[in-house]
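Please read the structure below before turning to the comments.
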Amino acid sequence: MRVRLIGAAAVLAGAALVSVPAATAAGAEEPEAIVEPAAEVALPTGESVGIAADGTLDLPAGEAFSVGRNASGERIVVPVDAIDEVASGELEAADFNVDAPGDGFESETETDAEPNVTVTGEWLDGSTPAAFEVSWRRVGTDLGGGPEYTADGTAELSLEPGRYHLVTMMYQDAEDAESDVVSAVQEIRVGENPVEILVDGSKAKPLGFDLDREAQTESVMIDVFSYGPDHEEGGGAWLGLWAQPGGDMYAVPTGRLSSADDVGYVLREGLSSPEGTTDPYSYNLFRHGTGGFRGDLTPPVRDRNLARIDMDYQALGAEGVFNRQELSEHPDYPAGMYITTGEVALPSSRTEFFTADPEVEWEHRAYFPYDGGPGSAWDLVHHRSGVLDAGSVQDMAWNNAPLSVGIDNIGQDWPPATFVRWDELGVLYFGPWMFSSSAGGEGIHSEYLPGKISLVQDGQVIAQNSEIGLGLDPGRVEAGELTITASADRNAPWTPLGTHSEAAWTFDYDPAGNPVLPVSVVEFAASGIVNGAAEGGTVQDVVLEFAQQPGADEQECAAMTFEVSFDDGATWTPVPLDRDGNTATASLALPDDAAFASVRFTAADEDGNTVSHETIRSYAIA
């Protein structure tokens, strides 16, 4: 699981899910929201932090943020240049809680006792840092506290006698998105007398990666922690710097620690080749350091020891750009945000290198520039590599037209499927991808897409929504036949393709059966499509695949049809198929005088579950 359960409202916010009584279909009642549609938190400093359905944060570009956790594990996200205002009390830390705004920090170690520990941070040159923060954990326990924010380089703590781990971060150039940081982990002993501790930045070493090629940082996440036995989220000591692009990173080597608990750091960094490089490249890197900061903090990382993916970035019918992001998933150290590797021109190509680690799985995505903040309609293009092997080389093509309706979520776990009884959250969820692609292991999710989706049983509308995404209490749906209908129109500024899609699924629902529901689509691949367009006057080889949701009970295709339109759906022509089981082939002659091809499919499985779906302007004809 990527993130802890923040609660159904926060986790499902990205779908803007609502459930309405059947009477709504006749206009008798207004929709009743079962989860809040908010997908962003406004910080008191003016920035907006987006929260995706999987709990990852979408932080504004060109900013650097200090990220901490309170005793409940909720994230407090403070712009580095506002730490001094939090330290002075001008701003409240509680107002930077993005998971439960207003809760702030409440540490089990807080006390009314007089401070007995003074922690002072000094920068590389001995000067006072622009901002300083301290978190702590009592050795032998998971009892922790902080962070304490200070703008004068000195924090005062009230701690009971015992041994503690201090996790600290100090910043310079805090007004800059390229804020420099010095991190440290050290052990202290608190007795009956006051203790003064120095975090000596003059001993700090550069922290990062020594690469074969020159590269510039696009984004960075550095999480530093000391966790005790039986650690639970919210316990221990933890500090993070999440920045785009971030500045120079340093760390003070850690001395002797008496505890063998989980103490260390995780560094995630995305880098790209300098602007104007003839053959562009990028690095997507992950490192887990144990025992605090030890050994070579900037170890050599050779291209030959990384995994390489040669990316082919197609256009979707129009030249443009999109923004590339990576998620490096570790079972013990979840990623809190996607790392960016910069803007990519469409069409173009780039060589991309990835850390090869048996415990790290890679998810790749990109998004097109869009108007508005979090909650605006946008397209997310998804690929997934999983674990990558050192020295491996593979190709990956992006923006693989034709576009059509999809149900494969490309291995994401939040939500775990597009049509699912989500038992973990007690939600019956329906979220088809209305303008997706299916070639090369790719999927395209149009989030916050206006449209209409309805759930019907026994002729009655049980639930519906005005955005594509629907969730309701499973207890409201009895066993039997269900029908889901969905339709959406759009005029996307990044592509002329996919102006309308509609679909209908009818299937048997068993409340005690497989939570991944028995729905399908017809996946469509056609030869000769480059940058979203095929050449007019040619004959395409077409392959159709009866595709079920990953994880659903296997079914065989019992029937399939295919129709094409060259006038945006005004007229349709059946296309003869040669079907063998779940796969069918066809030849499709493209006219010289058409601008787009639109597609329509039907299919049924052996149990009688059916699907029909169509997409207007699936691909262009040039």
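Observations, loosely collected:
- Applying the criterion of being surrounded by 17 or more Cβ atoms within 10 Å (Cβ to Cβ) and either closer than 18 Å to TYR619 by Cα or polar (S, T, N, Q) (or both) to the residues of the range 303-317, the residue that is nearest to the chain's Cα centre (by Cα) is TYR313.
- Matching strands (runs of 3 or more DSSP E) fully within the range 377-421 where at least 1 residues are over 15 Å from SER436 (Cα atoms): 378-387, 393-398
- The combined condition, being more than 30 Å from LEU346 (Cβ to Cβ), within 18 Å of the chain's Cα centre (by Cα) and not hydroxyl-bearing (Ser, Thr, Tyr), is not fulfilled by PRO474.
- Top-ranked residue in the range 486-505 [being among the polar types (S, T, N, Q) and within 26 Å of ASN582 (Cα to Cα); ranked as surrounded by the most Cβ atoms within 10 Å (Cβ to Cβ)]: SER501
- Looking across PRO147, PRO206, one residue alone is in the same structural domain as ALA93 (by TED's automatic domain parsing) and under 20 Å from ARG69 (Cβ atoms). It is PRO147.
- Test set (1) touching a Gly at 6+ places or on another chain (Cβ under 7 Å); (2) surrounded by fewer than 16 Cβ atoms within 10 Å (Cβ to Cβ) - LEU346 fails condition number: (2)
- From the options ASP541, ASP578, ASP553, ASP593, residue that is in the same structural domain as SER436 (by TED's automatic domain parsing) and under 21 Å from ASN399 (Cα atoms): ASP541
Residue-by-condition table, conditions (1) farther than 20 Å from GLY126 by Cα; (2) touching a helix residue (DSSP H, G or I) at 6+ places or on another chain (Cβ under 6 Å); (3) assigned to a loop (DSSP other than H, G, I, E, B); (4) not assigned by TED's automatic domain parsing to the domain that holds GLY264:
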site: ARG163; (1), (2), (3), (4): yes, no, no, no
site: MET169; (1), (2), (3), (4): no, no, no, no
site: GLU178; (1), (2), (3), (4): yes, no, yes, no
site: VAL182; (1), (2), (3), (4): no, yes, no, no
site: GLN186; (1), (2), (3), (4): no, no, no, no
site: ARG189; (1), (2), (3), (4): yes, no, no, no
site: GLU192; (1), (2), (3), (4): yes, no, yes, no
site: GLU196; (1), (2), (3), (4): no, no, no, no
site: VAL199; (1), (2), (3), (4): no, no, no, no
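- In the range 573-622, of all residues being within 32 Å of the chain's Cα centre (by Cα) and among the aromatic types (Phe, Trp, Tyr), the one that is surrounded by the fewest Cβ atoms within 10 Å (Cβ to Cβ) corresponds to PHE601.
- Residue-level check: of (1) among the small types (Gly, Ala, Ser); (2) modelled with pLDDT of 65 or more; (3) part of a loop (DSSP other than H, G, I, E, B), ALA28 misses just (2).
- Within the range 573-606, the set of residues being in contact with an Asp or Glu (Cβ under 8 Å, 6 or more places away or on another chain) and not in a strand (DSSP E or B) comprises VAL575, GLY581, ASN582, LEU590, ALA594, GLU606.
- Checking LEU239, LEU316, LEU257, LEU327 one by one, the residue that is within 27 Å of LEU388 (Cα to Cα) and hydrophobic (A, V, I, L, M, F, W, C) is LEU327 and no other.
- Hey, TRP494 under 25 Å from ASP379 (Cα atoms), outside any strand (DSSP E or B) and hydrophobic (A, V, I, L, M, F, W, C) or not: yes
- Restricting the range 393-430 to residues that are more than 17 Å from GLY498 (Cβ to Cβ) and touching a helix residue (DSSP H, G or I) at 6+ places or on another chain (Cβ under 6 Å), the residue that is surrounded by the most Cβ atoms within 10 Å (Cβ to Cβ): LEU428
- Only one of the numbered conditions (1) in contact with an Asp or Glu (Cβ under 9 Å, 6 or more places away or on another chain); (2) closer than 21 Å to VAL360 by Cα is not met by GLY291, and that is (1).
- Matching residues in the range 274-301 - criterion: being within 24 Å of the chain's Cα centre (by Cα) and either more than 11 Å from ARG213 (Cβ to Cβ) or among the basic types (Lys, Arg) (or both): ASN284, LEU285, PHE286, ARG287, HIS288, GLY289
- Test: residue in the range 228-248 that is in contact with a helix residue (DSSP H, G or I) (Cβ under 7 Å, 6 or more places away or on another chain), assigned to a loop (DSSP other than H, G, I, E, B) and surrounded by fewer than 23 Cβ atoms within 10 Å (Cβ to Cβ): no
- Residues that are hydrophobic (A, V, I, L, M, F, W, C) and exposed (fewer than 14 other Cβ atoms within 10 Å of the Cβ) number at least 1 in the following strands (runs of 3 or more DSSP E) confined to the range 506-572: 539-548, 557-565.
- LEU257 meets the stated requirement of being among the hydrophobic types (A, V, I, L, M, F, W, C), outside any strand (DSSP E or B) and assigned by TED's automatic domain parsing to the domain that holds ILE76.
- Qualifying residues in the range 367-392 (those that are modelled with pLDDT of 95 or more and within 16 Å of the chain's Cα centre (by Cα)) - the one surrounded by the most Cβ atoms within 10 Å (Cβ to Cβ): VAL381
- Residue that is assigned to a loop (DSSP other than H, G, I, E, B), over 30 Å from LEU143 (Cα atoms) and aliphatic (A, V, I, L, M), where the choices are LEU285, LEU316: LEU316
- For the range 181-206, the set of residues classified as surrounded by fewer than 22 Cβ atoms within 10 Å (Cβ to Cβ) and under 14 Å from GLY247 (Cα atoms) consists of PRO206 only.
- For the range 284-299, the count of residues that are surrounded by fewer than 21 Cβ atoms within 10 Å (Cβ to Cβ), more than 30 Å from ARG163 (Cα to Cα) and either out of contact with any His (no Cβ under 9 Å at 6 or more places or on another chain) or in contact (Cβ under 8 Å) with a residue 12 or more places away in the chain (or both) is at least one.
- Qualifying residue in the range 266-273 (condition: surrounded by fewer than 19 Cβ atoms within 10 Å (Cβ to Cβ), basic (Lys, Arg) and closer than 17 Å to GLY208 by Cβ): no
- Residue check: ASP125 meets all listed conditions (1) assigned to a loop (DSSP other than H, G, I, E, B); (2) on the phi > 0 side of the Ramachandran plot but one, namely (2).
- Taken as a whole, the condition of being more than 30 Å from GLU556 (Cβ to Cβ) and among the small types (Gly, Ala, Ser) applies to GLY475.
- Under the condition of being part of a strand (DSSP E or B), more than 29 Å from ALA552 (Cα to Cα) and not charged (D, E, K, R), the residues counted in the range 607-622 number 3.
The values are calculated or read from the model by the stated rules, or taken from the named source; none is laboratory data. A quick note: this is a predicted structure, and the numbers were derived from the prediction, not measured. Using ideal geometry, Cβ is built from the backbone for each residue, glycine included, and neighbour counts are taken over all protein chains shown.
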